[in-house]
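Have a look at the structure below before the remarks.
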Ligand code: UDP
């Protein structure tokens, strides 16, 4: 399909369509970690993430969460509404892992009594630094009301995903989401996939997420296939 690419990121390309109210996202097979230091092409990753993220956004929409998602149109593509991305990465943590373990010295695997919501500045050159509300206000990254909305929506997403994954025998350790502005509203945007979540097998503790690639722990596609299968998606 001939069309204008508006943006190319590490894992996706975004294209215009004939309708100004609709964009097309194409998921790539490229895997990157550590701010682009580690890079590989992993065949099938784009399809798996597109299928998993579409399935999750469909479930979230059924639960009344407003998002940019319209529909999945092919193995690697989906249609979304255009939004102005808020330059924040919103992370929700249920279990200690990753950067939090290093920063706070909490033991990996420690289950928090209540989820933790964190905001990071989406800026590769700065290495996505952690922000508090005062930083967000000072840098005018979001209005206080928007911040409150994003925090509430992040916790609602967490509730829904905790339920969805625990039904499949998977612990939702943490995840990253992004939001966009459209017609005065805050919408959930970007993707939710094993690239952006930590997902551990409840029985064995094995990772089914990007840590497989980050730390060369095993075959990434096998982990992602397992997630799709457990969520009720197709098995091949
Ligand atoms: N994450 C992400 N994109 C980023 C940074 C983090 O999707 O640029 C996800 C990551 O996969 C994990 C969660 O956010 O599920 C928390 O990541 P953390 O802060 O522990 O950083 P990491 O250990 O990934 O550097």
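The values are calculated or read from the model by the stated rules, or taken from the named source; none is laboratory data. These figures come from a predicted structure and were not determined experimentally. When we count neighbours, we look across all protein chains shown, and the Cβ atoms used for this are built from the backbone with ideal geometry, even at glycine.
Some notes on this structure:
- Residue selected from region 207-220 under the condition more than 9 Å from the ligand (Cβ to nearest atom) and buried (at least 16 other Cβ atoms within 10 Å of the Cβ), by the criterion nearest to the chain's Cα centre (by Cα): 208
- Test: residue in region 133-144 that is surrounded by 20 or more Cβ atoms within 10 Å (Cβ to Cβ) and either under 30 Å from residue 21 (Cα atoms) or modelled with pLDDT of 95 or more (or both): yes
- Residue in region 103-113 that is farthest from the ligand (Cβ to nearest atom), counting only those that are touching a strand residue (DSSP E or B) at 6+ places or on another chain (Cβ under 9 Å) and assigned to a strand (DSSP E or B): 111
- Residue that is nearest to residue 33 (Cα to Cα), among those in region 121-143 that are part of a helix (DSSP H, G or I) and touching a helix residue (DSSP H, G or I) at 6+ places or on another chain (Cβ under 8 Å): 136
- All told, residue 199 falls short of being closer than 22 Å to residue 27 by Cα, away from the ligand (no atom under 16 Å from the Cβ), within 16 Å of the chain's Cα centre (by Cα) and crowded, with 21+ Cβ neighbours inside 10 Å.
- Every residue from region 1-32 that is in a strand (DSSP E or B), more than 16 Å from residue 189 (Cβ to Cβ) and touching a residue at least 60 places away in the same chain (Cβ under 8 Å): 31
- Of residues in region 167-196 being touching a helix residue (DSSP H, G or I) at 6+ places or on another chain (Cβ under 6 Å) and more than 19 Å from residue 48 (Cα to Cα), the one farthest from the ligand (Cβ to nearest atom): 186
- For region 80-102, the set of residues classified as away from the ligand (no atom under 11 Å from the Cβ) and surrounded by fewer than 19 Cβ atoms within 10 Å (Cβ to Cβ) consists of 81, 82, 84, 85, 87, listed by residue number.
- Complete set of residues in region 181-196 that are assigned to a strand (DSSP E or B) and surrounded by fewer than 22 Cβ atoms within 10 Å (Cβ to Cβ): 181, 182, 185, 187
- Of all residues in region 148-176, those satisfying the criterion of being closer than 17 Å to residue 90 by Cβ, part of a helix (DSSP H, G or I) and in contact with a strand residue (DSSP E or B) (Cβ under 8 Å, 6 or more places away or on another chain) are 149, 150, 151, 153, 154, 155, 157, 158, 161, 162.
- Out of 52, 70, 116, sole residue that is within 16 Å of the ligand (Cβ to nearest atom), outside any loop (DSSP other than H, G, I, E, B) and out of contact with any helix residue (DSSP H, G or I) (no Cβ under 7 Å at 6 or more places or on another chain): 116
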